[in-house]
Amino acid sequence: MVDIEAPPADRVDDGTFVVPPGGGPGRWVLALARRGWRQLTSMRTALVLLFLLAVAAIPGSVLPQRRVNLEKVTGYLNTHGETGRWLDRCWLFDVFSSPWFSAIYLLLFVSLVGCLVPRLRTHARALVRQPPDAPSRLDRMPVHAVGAPGGDASDDLARLATLLRARRFRVAVRHDTVSAEKGYLKESGNLLFHFALLALLLGVAVSSWYGWHGSRNLVAGPDGAFCNTLPQYDDYGLGARVGAGDLPPFCLQLDRFDAAYHADGQPASFRASMSYTLAAGSGGPTAGRAQVSVNHPLRLAGAGVYLLGHGYAPVIRYTDRYGRAQISVTPFLPSDEQLTSQGVATFPDANVDPATGRRDPNDQVAFSGVYLPTMSSDDPAALSATAGASVYPAERNPRLLLVAYRGNLGMDTGYAQSVYTLDQSQLDSGKLRKVAASKGLAPGETWALPDGSTVQFLGTRPWVTLTVRHDPGERFVFGAAVCLLVGLLLSLSGKRRRIWFRADSGGGGDSGGVRGRPARIEVGGLPRTDYAGFTAEFDEIVQAARDEGILA
Amino acid sequence: MSGLSDQLMVVTILAYLVAMIGYAAELSFGARGMVARTATRVSAAAPGRELVSVGLAAGGADDPGGATVNPAGAASDPGGAASSGVPVVVEGDGGGRAALIGRWAVAVTVVGWCAHLATIVTRGLAAHRVPWGNMYEFVLVVCFVGATAWMVLVARRPMVRPLGLFVTLAIIVLLGLDGMRLYTSAGPLMPALNSYWLKIHVTAASVASGILLIGFVAAVMTLIRIGYDGGRRSFPYTLGARMPDATGLERLTFRVHAFAFPIWTFAIMCGAIWAREAWTQYWSWDPKETWSFIAWVVYAGYLHARATPSVKRTVATWIAVVGWVTMMINLFAINLVVSGLHSYAGVK
């Protein structure tokens with residue numbers, strides 16, 4: 001990279017601007033780059049970036065986000081006008097994929113790499129090297145002890161080394177000293193933690209490149225079945241490296257949906273019974289059945305099939321004035337906890353004159369409706385089509401309230417239309433007019449319209465919201481997260497410490513080549529990290545040396 | 001059973017209140033003795049394990065400033081080598097009546113803790129499930145973990161007892177808010193919560209939050225004590241006179257946070273695994289997830305700042321305080337104001 005000898009991250013930058021020797025303007029650039037790199041990899045910068053990251057995440061929780069809830073963003077933009085557009089220009093509705101958020105975490109990770117690589121090198125060296133020699137003045141160490149030698153010097157040192165090795169210290173015996181160090185796992189854990197963070201980021205990148213997902217509302221019954229292709233989803237998202245053809249071929253059908261509720265209407269459990277067909281595999285298509293419930297997705301061809309919502313789809317039979325009957329089964333969207341649901345049933349091919357076979361675009365028929373799975377028995381809505389509300393989410397006293405419209409549905413304009421609402425512009429322009437409103441229809445009940453046509457509410461079929469998601473990065477992310485946690489635990493619980501013993505021959509130091517009986521043995525201990533119990537450990541080791549007769 | 005739980009909740013708060021008054025009494029009546037004792041330097045004549053290790057706090061290798069305080073411990077006196085001249089409050093050394101009141105306050109805290117435990121257990125029995133399925137119960141459990149952590153701490157290091165006033169104060173405030181504003185009647189879980197991950201994820205989150213609560217109190221007291229030592233004599237800093245020494249408090253703050261941080265990490269990870277089972281993806285930047293991430297980043301920042309010699313200890317401690325603020329925003333603002341996938345508060 002720019003500077004091989006980058007300083008350790010926590011070294012204080014003294015702000016010097018050293019221009020390397022040699023001619024040319026290149027050296028200034030080099031100096032600038034070196035200084036920039038040093039700044040970036042300093043701990044202060046990393047801390048500042050860390051805080052920027054935290055602060056930058058805040059708008060993502062305050063403002064609606066496109067990736068979380070698109071409708072809310074649209075609603076916000078509609079109500080806030082100019083402010084909303086300015087916020088949008090600053091990517092405030094896509095905070096977590098915005099350039100500025102990405103810039104912060106990428107800089108943070110570059111800073112991290114710049115800090116980790118030299119540390120990894122240092123640590124690798126420390127792992128293969130012997131513990132460093134004793135400092136000249138052991139009495140300057142935070143903990144210190146002195147004792148008379150118990151026996152022969154070289155023998156003493158060898159026995160001390162054994163004693164320390166038994167305590168899992170890494171030991172080096174030199175001339176007249178024993179150096180011991182322990183707690184390398186702390187730094188190993190620390191490095192593991194930080195590299196796991198990098199791996200985690202890579203995993204997230206894999207997720208966003210190679211993952212895909214799609215959602216749709218699926219009505220029960222064979223006619224509601226769908227296959228895993230993009231046109232069949234209500235909405236979908238493909239990773240940058242995924243094409244429409246990469247979706248594994250399988251088909252799903254909702255056979256049955258069971259919902260259980262408590263007495264107050266709070267849901268107790270949801271269970272969807274699905275059947276599926278897998279086209280993949282050498283053995284030809286395979287079919288199967290599975291239960292999907294909340295917290296228990298179905299795993300199919302590397303993807304997960306999740307149950308995320310449910311509702312009722314009223315089955316409505318409209319018999320037009322020529323006597324031709326058509327059936328609509330459209331999901332109604334719940335608007336409250338008790339599953340008061342709203343939706344539309346459209347009959348664009350109604351009133352085709354059997355004599356001419358001509359379809360009059362201004363004679364189409366549609367109904368907007370409110371479905372109450374349980375209407376209160378004394379609800380005035382029983383008599384009018386004004387909005388009532390369901391009192392229980394299961395179908396105990398179901399009623400369907402319809403408003404009939406006739407005119408042009410606006411479906412021939414070529415624009416995509418919602419299947420849950422009528423085209424408001426057609427209503428506003430008067431091309432689609434309200435004809436009549438029904439009272440609450442019970443299942444099986446028929447309502448006659450003024451023009452002689454009839455509507456029959458046949459009952460409902462359940463529908464579920466399914467999301468299918470494939471995320472190849474999640475295993476990687478999981479592995480990284482486990483490493484991260486292990487590294488974190490090692491890093492926070494580990495304690496690096498050093499202990500030295502020196503056989504002091506008294507006065508002459510080690511200059512005289514005195515290999516006989518030393519005058520005294522000095523012990524020094526240095527906790528290299530915050531470690532409250534070090535003194536206790538040190539005392540215990542000194543005591544053990546005394547017990548073994550190495551120290552008198 | 002649900003009614004019993006509610007009554008026990010009142011008993012819990014009252015017991016903590018009595019304990020708080022006890023801690024306060026110890027502080028005010030014992031003030032002179034405490035100051036006097038604080039001023040006494042621990043001499044080599046009274047070396048104990050506790051003292052030695054506290055003394056080492058100033059002489060740790062991380063802290064070159066502290067190491068120079070004690071340039072040369074007498075070579076003949078290992079105990080003295082560690083007593084670095086930092087003022088240390090010696091538990092049980094005098095104090096007389098005030099210390100007795102302090103011990104009684106701890107005893108009443110234990111009573112409150114038992115009532116607290118009973119509140120949670122009866123709540124669980126009433127609802128036929130683990131008693132942390134909505135915000136009321138979550139705060140109840142967080143405070144319980146906080147109280148537990150406090151008692152473990154005070155049993156292991158009696159010298160931290162002066163913090164009791166502020167620990168009980170924080171717990172009473174949270175429990176009071178909980179009972180008055182967040183109360184939800186005991187009921188069954190919604191299907192999305194009906195998973196064994198509830199036991200893992202929410203337990204980890206409440207344990208981490210409860211311990212971080214103690215960390216927050218320690219951090220605030222550290223700052224007050226440092227301010228007091230720096231010569232500040234306006235209101236919050238005057239409390240510092242009765243606190244344990246700044247070095248010990250600062251170390252305590254760090255150790256509590258270092259203990260809680262991996263648990264918080266684990267809680268977030270479990271949440272991610274659960275999210276993958278329940279909401280299709282491990283991370284979807286739901287407001288609760290976002291603020292958990294923010295809190296995690298801030299606490300990570302604290303641990304890094306504390307490990308960096310060039311960052312002042314007061315700055316690092318302030319970061320810990322900010323961390324707790326983000327935890328509280330995550331708990332109250334996000335649950336009650338912002339709607340998201342984690343909207344399980346059940347508060348009407």
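The values are calculated or read from the model by the stated rules, or taken from the named source; none is laboratory data. Being a predicted model, the structure only gives us computed values, none of them experimental. FYI the Cβ positions are ideal-geometry reconstructions off the backbone, even for glycines, and counts take in every protein chain you see. Only protein heavy atoms, including side chains, enter the accessible area calculation; ligands, DNA and RNA are left aside. Shrake-Rupley method; radii C 1.70, N 1.55, O 1.52, S 1.80 Å.
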Of the DSSP H helices in chain A, the ones reaching 15 Å or more along their long axis in Cα terms and averaging at least 0.0 in Kyte-Doolittle hydropathy are A:43-62, A:99-128, A:153-166, A:184-210, A:474-493
For a protection proxy built on the mean count of beta-carbon atoms within 10 angstrom, sort B:103-115, B:217-229 highest first, please. B:217-229, B:103-115
Can you send over the carbon and sulfur percentage of the accessible area for region B:186-309, probe radius 1.4 Å, protein chains only? 67 percent
Counting Lys +1, Arg +1, Asp -1, Glu -1, what net charge surrounds A:Ala448 among other residues with beta carbon under 15 Å of its beta carbon? +1
Between A:Leu202 and A:Ser273, the two model label points (7 Å from Cα along the beta-carbon direction) sit apart by a distance in nm of 4.7 nm
Considering just Cα atoms, how many Å³ per residue does the convex hull of region B:197-286 enclose? 105 Å³
Ordering A:Arg502, A:Arg271 from largest to smallest accessible area (1.4 angstrom probe), what's the sequence? A:Arg271, A:Arg502
Suppose every K and R has +1 on its Cβ and every D and E has -1 on its Cβ; what is the size of the dipole of region A:157-241 about the Cα centre, in Debye to the nearest 20? 1000 debye
Quick one: grab the alpha carbon gyration tensor of region A:323-377, order the square roots of its eigenvalues as a ≥ b ≥ c, and give me rounded if a/c is under 1.5, else prolate or oblate depending on whether a/b is larger than b/c. prolate
With every protein chain in place, what's the accessible area of A:Glu540 (1.4 Å probe, Å², nearest 10)? 90 Å²
Run the numbers on region B:247-286: which residues show a drop of 50 Å² or more in accessible area, chain on its own versus all protein chains together, using a 1.4 Å probe over heavy atoms? B:Arg251, B:Pro262, B:Met269, B:Arg276, B:Glu277, B:Thr280, B:Tyr282, B:Trp285
Using the Karplus curve 6.51 cos²θ - 1.76 cosθ + 1.60 with θ = phi - 60°, work out ³J(HN,Hα) for each residue of region A:318-323 in order, rounded to whole Hz, and write x for Gly and Pro. 10, 10, 6, 6, 8, x
Give the average, rounded to an integer, of partner chain Cβ atoms located within 10 angstrom of each Cβ in A:50-57. 6
Chain pair A, B: how much accessible area is buried, both chains summed, with a 1.4 Å probe, in Å² to 100? 5200 Å²
Calculate, for the protein assembly as shown, the solvent-accessible area per residue in square angstrom, rolling a 1.4 angstrom probe over the heavy atoms of the protein chains. 44 Å²
Taking region A:182-232 on its own, what percent of its Cα-Cα pair distances exceed 16 Å? 66 percent
Does region A:109-200 come out rounded, prolate or oblate, given a ≥ b ≥ c as the square roots of the eigenvalues of its C-alpha gyration tensor, rounded meaning a/c under 1.5 and, failing that, prolate meaning a/b above b/c? prolate
With a 1.4 Å probe and every protein chain left in place, tell me how much accessible area A:Tyr105 has, in Å² to the nearest 10. 60 Å²
Quick one: go through region B:170-194 and flag any residue whose amide nitrogen is under 15 Å from the point 7 Å out along the Cα-to-Cβ line of B:Val10. B:176, B:179-180
Report the relative contact order of region B:93-180, percent, no decimals, based on alpha-carbon pairs under 8 angstrom and at least 6 residues apart. 27 percent
Cβ-based charge dipole, region B:195-252, positive-most Cα from B:Thr203, B:Ile226, B:Ala241: B:Ala241
Quick one: what does P(r) look like for chain A with 10 Å bins over all Cα pairs, in whole %? 3, 12, 15, 16, 14, 10, 9, 8, 6, 4, 2, 1, 0
Rank-order A:398-410, A:61-73 by packing density, defined as the average count of other C-beta atoms within 10 Å over each peptide's residues, highest first. A:398-410, A:61-73
About its Cα centre, what dipole magnitude does chain A give when the only charges are +1 on Lys and Arg Cβ and -1 on Asp and Glu Cβ, stated in debye to the nearest 20? 1620 debye
Suppose only helical runs count, i.e. DSSP H with n ≥ 4. What mean residue ellipticity at 222 nm does that imply for the protein assembly as shown under -39500 (n - 2.57) per run, divided by all residues and rounded to the nearest 500 deg cm²/dmol? -15000 deg cm²/dmol
In sequence order, what are the phi-derived ³J(HN,Hα) couplings for region B:205-213 according to the Karplus relation 6.51 cos²θ - 1.76 cosθ + 1.60 with θ = phi - 60°, rounded to whole Hz, with x for glycine and proline? 5, 6, 4, 4, 4, x, 6, 5, 4
Equivalent ellipsoid semi-axes for region A:167-325, as square roots of 5 times the alpha carbon gyration tensor eigenvalues: give them largest first, rounded to whole Å. 55, 22, 15
So in chain A, which Cys have no other cysteine's beta-carbon sitting under 4.7 angstrom from theirs? A:Cys90, A:Cys115, A:Cys483
Could you compute how much accessible surface A:Met43 exposes when probed at 1.4 Å, giving the result in Å² to the nearest 10? 30 Å²
Among A:457-470, B:306-319, how do they line up by average Cβ neighbours within 10 Å per residue, starting with the highest? A:457-470, B:306-319
Cα gyration tensor category, rounded, prolate or oblate, for region A:264-322 with a/c compared to 1.5: oblate
Options B:Leu125, B:Ala192, B:Ile214, ranked by Cα towards positive dipole end of region B:121-214, top entry (Cβ charges): B:Ile214
Determine the sum of side-chain charges near B:Leu174: Lys and Arg each +1, Asp and Glu each -1, restricted to other residues whose C-beta is under 14 angstrom from that of B:Leu174. -1
